[in-house]
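The values are calculated or read from the model by the stated rules, or taken from the named source; none is laboratory data. What you are looking at is a predicted structure, and each value in this text was computed from that prediction instead of being measured. Note: ideal-geometry Cβ built from the backbone for every residue, glycine included; neighbour counts use all protein chains shown. Calculation scope for accessible area: heavy atoms of the full protein, side chains included, ligands and nucleic acids excluded. Shrake-Rupley method; radii C 1.70, N 1.55, O 1.52, S 1.80 Å.
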Amino acid sequence: MNLKKLVDVTKLSYPHVCNMMNGRKALSYDVLEKIAIGLKLPMEYFLESEIVNERKPRTTKKSQLMSEILTHVREILSYVEENVNVDGLRQFFNTEPTRPLISTGHGGKYSQATYAALLYSTNQGLGRAVTCYSCNSLSDATIRNSKILLVSRGMSNIDIDYITKRCIRLNPDYTCAMRIVGDKEDEDLVQRLTKIGYSFEFDLNIDLPEHFIGISSVFFYSALLYKAFTNDNDFVSKLELNPNPTENYTYSSANSIAAVPTLDKISHFTVLYGSYAEPVAYNIESNIVEGGIASCMISDYKNYTHGRFMVEANYIKSKYHPHTEAAIICLVTPREAHIYEDLIQEMPPHLPVITIRTDLLTPLATIDLLYKANMFASYLGEYYHKTNPNDPTLFNTTIDKRMPKNNVHFETDFKVWGALDVEAEKKLVKKLTSELKVKIENLNDLFKIRDEILAKEPLRTEDCMENWKKSKPISWDDFSFRTLHVYDTNKQECWSFNSKTDVRDGISLQLGNMANGYGVEILGIQFPNSEIPYQLAIFTEDAIKVQQKIINPSEGWLFNGLKMKRKFIYSQEYWKDRRDTEFENGKEMWCFEWMKWIVWEKVKQNKGFADILLSIPRNAIIIEQAQKKPTKKPSMWGAWNQDLLMERKIVIRAAEIENGLGKTSKVVKDEIYKVNNVGEWVGENAMGQILTMAKLALNEDIQMPIDEQLLNNAHINWFAKVLHFSKDADGSVTVEAVARAKV
């Protein structure tokens, strides 16, 4: 081979060298390496020609390219430097500095939780970063004896929301929440955060764009924490923030001679860190993995030497593996310079190494590395993989990338088992003994009691059925409101319901007013449930704006009856807008006629809802289970059966413990209605009676009897008008909205 001719070539490639070998068989990697050493050339000269991928990274109006967002980092950091007061946050960290800090964040915010814990540990106390899920492993005492930092963009994520509630309950004085005020505020959340000792809500005059992964808010919170811990008000000028991606990292082999594959050929990265680089390691791992680019793991430098290098060693090109698909990313501050060099010397010479380095020794090194690491991740995704990490492409269409975080819950773990404890079973048994009023020494005793209950139920049902046959059919004379009713399950077949997901004997019991699905249309307004139109009748004639606010879909009240009631019905804020003196109070009866009319409209407009009622045995009374045991007076809308509900509770708790699932799990739900026929239901059961009336009307093929005159006398305010009811010849009651003067 003509070596001189090779040297004269400006750019060499693997095919070119093979041609120079006069068409002999392809050169091995070792031969190429020897050629490079002999010619004193880096192995980069022998890289194969780059294959151009014509796909372009996607960007939409909602999701900018990650690289575009990173052009605003200096602006974000400067905003914090010049405009954000961190005195309160600094006070939180400096108060009782020896008290441990538990810092938690979800998704991409975990890296900021790590940064806070790292900086806190450099002072006098121990800081520990945990994920929201890992908080379930912390005992109540641990949370009470620590400071809690909650890091989230808006605090609306279900994970951080659950942990926030627990921290407010256990340690409100030493809980600190950081969040950025959004366009649509959750009023329940805002109210909840007023109960904690330190709540920082940042209403910003700067845009912080991001979509699937945290980018802008990560830099915002990093600058915030840095400023709070260091009191440095002039830090942006110390950062280069080079806009050229390739100037923020280097890429070579461990020996700086061997050839390395292009970055799109790497399918696994290990990120190595030390000191101030730890938060950055979590951030780059999050960006690479959540960006759908490659698999990634993190390790500190020394722990990596304890065998974690085996993946890279085995998945680089050798006689045992055809090509290189693993690389390491080294985050280096001056503190890690020595261990970094030592480690590289011990690695295979042709191991691909991405080095991201800072010359800063202070905590600002984290932000410097954070910027460089984000520039690398952006370039890796957009240039090499043609995907936008801020809105990554999901090739597997069987899942929605937005849904797992919303649909996978962990709070039921805690409800079933409590906090992690070495004596968890002993404490759980003690708790169950008190809660279920049973004497058990271990969980097997609970399962035995459950099995006895389930074994007795078929025998009880058989006896009850004999008595039900003797009972008289339900008639219209059996219904009365504001009257205490007692339904003996031994004499009367009872069908109770509690939740929209309840199923008994294969029949859905989606009967409640709160449940969306079977909506009702009233005078051109479509309601997703029957609770909202019912509650609109509580408002005075001057509360038109309140009613309009409730039915505005963008406000969110229309789809959440319980949330609406907390805001507009139970709170004192709208006290003057309500006609409480007559609605559901005293001796007034029109509210029941109003509910009857709405439910009957729901039946007429929804065949599915009517079919549920017709599926329930003709002579069964429907009962709405009261949400809690009545204390002073019986439930007006529902009823309570202490004996039955206690047996059901035993069955439910046993199923939860056996399966590790919460009460919303189908496995647990299936257990509830295996027990039905014991004890007495006691209560006014207005809702259950109305549903039974509707069932009876369907069975008799008649219109539901409704007192339209009682409704007209109520003068129900419907926005700017009043509802007027008329009875047609067939007995049906229709409604129109008329001007007040006509009433």
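Run down Lys448, Lys426, Lys469 and say which single residue is without any contact (Cβ under 8 Å) to a residue 60 or more places away in the chain, of a type outside the set (S, T, N, Q), under 22 Å from Gly688 (Cα atoms) and part of a helix (DSSP H, G or I).
Lys469
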Q. Looking only at residues in region 130-142 that are in a helix (DSSP H, G or I) and hydrophobic (A, V, I, L, M, F, W, C), which one is surrounded by the most Cβ atoms within 10 Å (Cβ to Cβ)?
A. Cys135
Q) Pick from region 245-283 the residues that are open to solvent by less than 20 Å² (accessible area, probe 1.4 Å) and more than 37 Å from the chain's Cα centre (by Cα): which of them is farthest from Ile293 (Cα to Cα)? A) Ala258
Q | Residues satisfying the stated conditions in region 355-368, i.e. among the hydrophobic types (A, V, I, L, M, F, W, C) and crowded, with 20+ Cβ neighbours inside 10 Å | A | Ile356, Leu364, Ala365, Ile367
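Taking only region 184-239 into account, find how many residues are of a type outside the set (Phe, Trp, Tyr) and part of a loop (DSSP other than H, G, I, E, B).
Total satisfying the criteria: 24.
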Q. How many residues are charged (D, E, K, R) and surrounded by 21 or more Cβ atoms within 10 Å (Cβ to Cβ) if we restrict to region 674-694?
A. 1
Q: Filter region 143-165 for residues that are touching a residue at least 60 places away in the same chain (Cβ under 8 Å), surrounded by fewer than 23 Cβ atoms within 10 Å (Cβ to Cβ) and not aliphatic (A, V, I, L, M) and give the result.
A: Asn157, Asp159, Tyr162
(Q) If Pro352 meets every condition in (1) open to solvent by 20 Å² or more (accessible area, probe 1.4 Å); (2) touching a residue at least 12 places away in the same chain (Cβ under 8 Å); (3) over 30 Å from His72 (Cβ atoms) apart from one, which number is that one? (A) (1)
Q) If you take just the helices (runs of 4 or more DSSP H) that sit entirely in region 500-591, which of them hold at least 3 residues that are open to solvent by 10 Å² or more (accessible area, probe 1.4 Å)? A) 544-551
Q. Within region 367-409, how many residues turn out to be among the β-branched types (Val, Ile, Thr), touching a helix residue (DSSP H, G or I) at 6+ places or on another chain (Cβ under 8 Å) and farther than 14 Å from Leu241 by Cβ?
A. 1
**Q.** Breaking point among (1) surrounded by 12 or more Cβ atoms within 10 Å (Cβ to Cβ); (2) modelled with pLDDT of 55 or more, for Glu82
**A.** (1)
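Conditions (1) surrounded by fewer than 17 Cβ atoms within 10 Å (Cβ to Cβ); (2) in a helix (DSSP H, G or I); (3) within 37 Å of the chain's Cα centre (by Cα), marked per residue:
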| site | (1), (2), (3) |
| --- | --- |
| Lys669 | no, yes, yes |
| Leu696 | no, yes, no |
| Pro705 | yes, no, no |
| Leu710 | yes, yes, no |
Q. Is one or more of the residues making up region 196-216 exposed (fewer than 15 other Cβ atoms within 10 Å of the Cβ), small (Gly, Ala, Ser) and farther than 24 Å from Arg402 by Cβ?
A. no
Q. Applying the selection to region 625-655, what residues are in a helix (DSSP H, G or I), touching an Asp or Glu at 6+ places or on another chain (Cβ under 9 Å) and either open to solvent by less than 20 Å² (accessible area, probe 1.4 Å) or aromatic (Phe, Trp, Tyr) (or both)?
A. Leu644, Arg648, Val651, Arg653, Ala654, Ala655
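Could you list all residues from region 310-335 that are over 30 Å from Asn390 (Cα atoms), hydrophobic (A, V, I, L, M, F, W, C) and open to solvent by 50 Å² or more (accessible area, probe 1.4 Å)?
Residue satisfying the conditions is Met310 alone.
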Q. Taking region 92-116 on its own, how many of its residues are surrounded by fewer than 24 Cβ atoms within 10 Å (Cβ to Cβ), without any contact (Cβ under 8 Å) to a residue 40 or more places away in the chain and part of a helix (DSSP H, G or I)?
A. 1
Q: Could you check how many residues of region 117-129 are over 19 Å from Lys227 (Cβ atoms) and either assigned to a loop (DSSP other than H, G, I, E, B) or of a type in the set (Ser, Thr, Tyr) (or both)?
A: 3
Q. Do we find a residue being touching a helix residue (DSSP H, G or I) at 6+ places or on another chain (Cβ under 7 Å) and assigned to a strand (DSSP E or B) anywhere in region 154-171?
A. no
Q. Here are some residues: Lys430, Lys437. Which one is farther than 30 Å from His211 by Cβ, surrounded by 12 or more Cβ atoms within 10 Å (Cβ to Cβ) and of a type in the set (Lys, Arg)?
A. Lys430
(Q) I want to confirm something. Restricting to region 166-194 and keeping residues that are basic (Lys, Arg) and surrounded by 14 or more Cβ atoms within 10 Å (Cβ to Cβ), which single residue is farthest from the chain's Cα centre (by Cα)? (A) Arg192
Q. Among the residues of region 712-722 satisfying the criterion of being assigned to a loop (DSSP other than H, G, I, E, B), surrounded by fewer than 20 Cβ atoms within 10 Å (Cβ to Cβ) and touching a helix residue (DSSP H, G or I) at 6+ places or on another chain (Cβ under 8 Å), which is modelled with the highest pLDDT?
A. Phe719
Q.
I'm trying to understand the selection: among the residues of region 220-244, which are among the polar types (S, T, N, Q), under 22 Å from Asp207 (Cα atoms) and surrounded by 12 or more Cβ atoms within 10 Å (Cβ to Cβ)?
A. Ser222, Asn242
Q. Is it the case that region 426-448 has a residue that's at pLDDT 95 or above and either more than 43 Å from the chain's Cα centre (by Cα) or under 19 Å from Asn677 (Cβ atoms) (or both)?
A. no
Q: Taking the options Leu331, Leu360, name whichever one is farther than 21 Å from Ile288 by Cα, touching a helix residue (DSSP H, G or I) at 6+ places or on another chain (Cβ under 6 Å) and either among the charged types (D, E, K, R) or touching a residue at least 24 places away in the same chain (Cβ under 8 Å) (or both).
A: Leu360
Q: Could you list, in sequence order, all residues of region 285-303 that are in contact with a helix residue (DSSP H, G or I) (Cβ under 9 Å, 6 or more places away or on another chain), free of Cβ contacts under 8 Å to residues at least 40 places away in the same chain and open to solvent by 60 Å² or more (accessible area, probe 1.4 Å)?
A: Lys302
